[in-house]
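The values are calculated or read from the model by the stated rules, or taken from the named source; none is laboratory data. Keep in mind that what you see is a predicted model, and the values were worked out from it rather than measured. Glycine gets a Cβ as well: all are built from the backbone with ideal geometry, and neighbour counts include every protein chain shown.
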């Protein structure tokens, strides 16, 4: 089945892509929701240049969909319809167990005439994260919720030691509740590691983020 992937560049969306390929689906593109005002992806805050480099390494076209926030659902539906017109039959999402989120995704797919797929659905949260790490994906922490994790975690790659540190703090190590977000820059599906540079840390009060940029050769 030809599948467009709802893509954040984070660990769950990359693991979703990995599982689609493993069972024989054909990914045809990466749909990324972009914050029109900030010029970055929603929630993970990845800039267009880094997203383009990630898509290039994955060998898939990027389908950016701009939204101001209030029109988020309409922007996604527009992107899904475009993907359907280009041959996509389904859209895959990285949701794990939040039924409200899954219902929202199903509604967007229904509006666009696509089948919704949830490759990670009802899998153990910790095992999802551990699998992404054990497969060899380089997942860098891009954002943290300040009440859950210190800024010193920003820019670090997930590994078993870091997961244990998160668990010791009593948070969901998958970050499914928004404790942190990642960006993945290397791994089995990548044709080459995406060169990057960690720059300044930005503190927004409740959230802190590190500016990770594509490092030009």
Requested in this report: Please work out which one of (1) touching a residue at least 40 places away in the same chain (Cβ under 8 Å); (2) surrounded by 15 or more Cβ atoms within 10 Å (Cβ to Cβ); (3) under 19 Å from the mean Cα position of the chain (by Cα) is the condition residue 114 fails and give its number.
Outcome: (3)
**Report entry** Conditions (1) part of a helix (DSSP H, G or I); (2) surrounded by fewer than 20 Cβ atoms within 10 Å (Cβ to Cβ); (3) assigned by TED's automatic domain parsing to the domain that holds residue 45; (4) in contact with a strand residue (DSSP E or B) (Cβ under 9 Å, 6 or more places away or on another chain): number failed by residue 64
**Finding:** (1)
Report summary line: Going through region 45-60 in order, the residues found to be touching a helix residue (DSSP H, G or I) at 6+ places or on another chain (Cβ under 9 Å) and assigned to a loop (DSSP other than H, G, I, E, B) are 46, 60
Query raised in the report: With (1) assigned by TED's automatic domain parsing to the domain that holds residue 17; (2) closer than 30 Å to residue 160 by Cα; (3) free of Cβ contacts under 8 Å to residues at least 24 places away in the same chain; (4) exposed (fewer than 15 other Cβ atoms within 10 Å of the Cβ) as the list, and residue 127 as the residue in question, which single condition is left unmet?
Result: (1)
Query raised in the report: For region 25-47, what are the residues that are over 14 Å from the mean Cα position of the chain (by Cα) and within 18 Å of residue 214 (Cα to Cα)?
Result: 38, 39
